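Some notes on the structure that comes next.
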Amino acid sequence: MNELVTRASSINRALDQIGDKWCLLIIQEVLWGINTFNHMMEAMGVSRGVLSNRLKWLQEVGCLRRDMDLASGRPVYHLTRKSVELYDCALMATRWERNWFSHPRLDRVELVHASCNGVFHPVMQCVHCDREVALEDVGYEPGPGATRDIREKKVRRRSSISIHDIPSERALYRNLINLVGDRWTANIIALSFHGLTRFEAFHSELPVATNILADRLRLLVNEGIFEQHAYQQRPLRHAYHLTAKGRDLFPWFLALLQWGDVWCDPQNRGRPIIVRHNTCGEELRAQTNCSACYQSLKAHDVRYQLDGERF
């Protein structure tokens, strides 16, 4: 059987399209302007076959456009409107990375908002009440598209190449990619935002082999995303609770959910899940804003600079 049936989820749909380590890295590199096959292969340290496969896939799902460069006669790849709108995810990924990891060179990279000329960090706010959005302030309700999804089984295995071996100096959020660039790991984190904590609860939602689920839970504990707490001694059973580091991933997943609501609903059934902002009582529509002027951030309006020079 080559199909899986799961509860409809815009996050799952989005992850099925771009939630692979190499796909995420390709989109990041093209965002920086690295858009030829050889330059991508050099930047990412990826094999020719894997890169060719992922480039074809990203074109199939509408995240890349392939053109011919008239000067060189070689193909070049460009982001589409669909992939440009992943920019909120990129900003929130950079924010999480800086909150929890140190990169001696990249720590010196400044984000500058051209509209106000301010150095900023991205802030996710509710458009209704302007309050910053946090995991503990939201609730979930079934939406009009709350059905079941038939998902294609992926045959890609978790890459044995460490994300830290990637040569690119533009990988601003490589640790996040290492976590979410695996289908099951990302699905587990997303489910934990709904309050799931036990092995059996995760397994009931994910059609995954028990050994794979145990492996991913162990990884998330080792990475400091979950803490284990024994709730039964004989036999020993653990619950998996989000740490502060794990909860801080919520803005990235929320940005991905909103992107999936727009771009990953092929039958136009509507949002599977409605997120409600309990702080103001409204259906949540989150926006990534500049911390200096609190205006919405757009890709063309942000520049990256290192020691005063554009990076």
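FYI, it's all coordinate maths here, none of it is from the lab. Source: prediction; values computed, not measured. Backbone-built Cβ (ideal geometry, glycine too); neighbour counts: all protein chains shown.
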- request: Return the long-range amide H neighbours of Gln295 (sequence gap of 5 or more, or a different chain), with a cut-off of under 5 Å between placed amide H atoms.
  value: Cys290
task: Provide, in order from the shortest bin, the percent of all Cα-Cα pairs of the stretch 169-259 in each 5 Å bin, continuing until the bin that contains the maximum pair distance.
output: 3, 12, 25, 26, 18, 9, 4, 2, 1, 0
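Fewest first, what order do Thr147, Thr210, Thr288, Thr197 take by the number of other Cβ atoms within 10 Å?
Thr210, Thr147, Thr197, Thr288
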message: Counting C-alpha atoms alone, how compact is the chain: give Rg to one decimal and Dmax as a whole number, in angstrom.
response: 19.6, 70
statement: For the stretch 23-40, in residue order, the Karplus 3J(HN,Hα) values (coefficients 6.51, -1.76, 1.60; θ = phi - 60°; whole Hz; Gly and Pro = x) are 4, 5, 5, 4, 4, 4, 5, 5, 4, 7, x, 8, 10, 10, 4, 5, 5, 5
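Compute the signed sum of charges (Lys and Arg +1, Asp and Glu -1) over the other residues within less than 10 Å, Cβ to Cβ, of Ala239.
Summing Lys and Arg as +1 and Asp and Glu as -1 gives +1.
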task: Enumerate the calculated ³J(HN,Hα) couplings along the stretch 115-124 in order (Karplus 6.51 cos²θ - 1.76 cosθ + 1.60, θ = phi - 60°), each rounded to whole Hz, writing x wherever the residue is Gly or Pro.
output: 5, 10, 6, x, 6, 9, 10, x, 10, 8
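Taking 0.36 nm per intervening residue step and subtracting the Cα-Cα distance, what contour gain separates Arg148 from Glu283 on full extension?
46.4 nm
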query: Any idea what the relative contact order of the stretch 94-244 is, in percent, if you count C-alpha pairs under 8 Å spaced at least 6 apart?
result: 15 percent
- request: Sort Phe250, Phe37 so the one with the fewest other Cβ atoms within 10 Å of its own Cβ comes first.
  value: Phe37, Phe250
- line: Here the net charge surrounding Pro75, from other residues whose Cβ is less than 13 Å away from its Cβ (Lys, Arg +1; Asp, Glu -1), is +2
- prompt: Are there chymotrypsin sites (Phe, Trp or Tyr not before Pro) in the stretch 169-250 that DSSP puts in a loop and that have at most 16 other Cβ atoms within 10 Å, and which ones?
  reply: none
- line: Under 5 Å from the placed amide H of Val76, counting only residues 5+ away or on other chains, we find Asp67, Met68, Asp69
statement: Looks like the stretch 1-142, by Cα gyration tensor root eigenvalues a ≥ b ≥ c and the a/c under 1.5 rounded cutoff (else prolate when a/b is bigger than b/c, oblate otherwise), is oblate
- prompt: With a ≥ b ≥ c the root eigenvalues of the C-alpha gyration tensor of the stretch 114-273, is it rounded (a/c under 1.5), prolate (a/b larger than b/c) or oblate?
  reply: rounded
query: Per-residue HN-Hα couplings for the stretch 293-299, Karplus 6.51 cos²θ - 1.76 cosθ + 1.60 at θ = phi - 60°, whole Hz, x for Gly and Pro?
result: 10, 6, 9, 4, 9, 10, 4
- prompt: From the square roots a ≥ b ≥ c of the eigenvalues of the alpha-carbon gyration tensor of the stretch 227-311, which class results: rounded (a/c under 1.5), prolate (a/b over b/c), or oblate?
  reply: oblate
- prompt: At Glu60 and Ala214, where each label point lies 7 Å from the Cα along Cα→Cβ, what is the point-to-point distance in nanometres?
  reply: 3.3 nm
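For His277, what charge total do you get from the other residues with a beta carbon under 14 Å from its beta carbon, if Lys and Arg give +1 and Asp and Glu give -1? The partial results should precede the final answer.
Values: positive: Arg131, Arg276, Arg285; negative: Asp130, Glu132, Glu136, Asp137, Glu141, Glu282, Glu283.
Around His277, the charge tally is -4.
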task: Please compute the Cα-Cα pair-distance distribution of the stretch 12-56 with 10 Å bins starting at 0, giving whole percents from short to long.
output: 27, 58, 14, 0
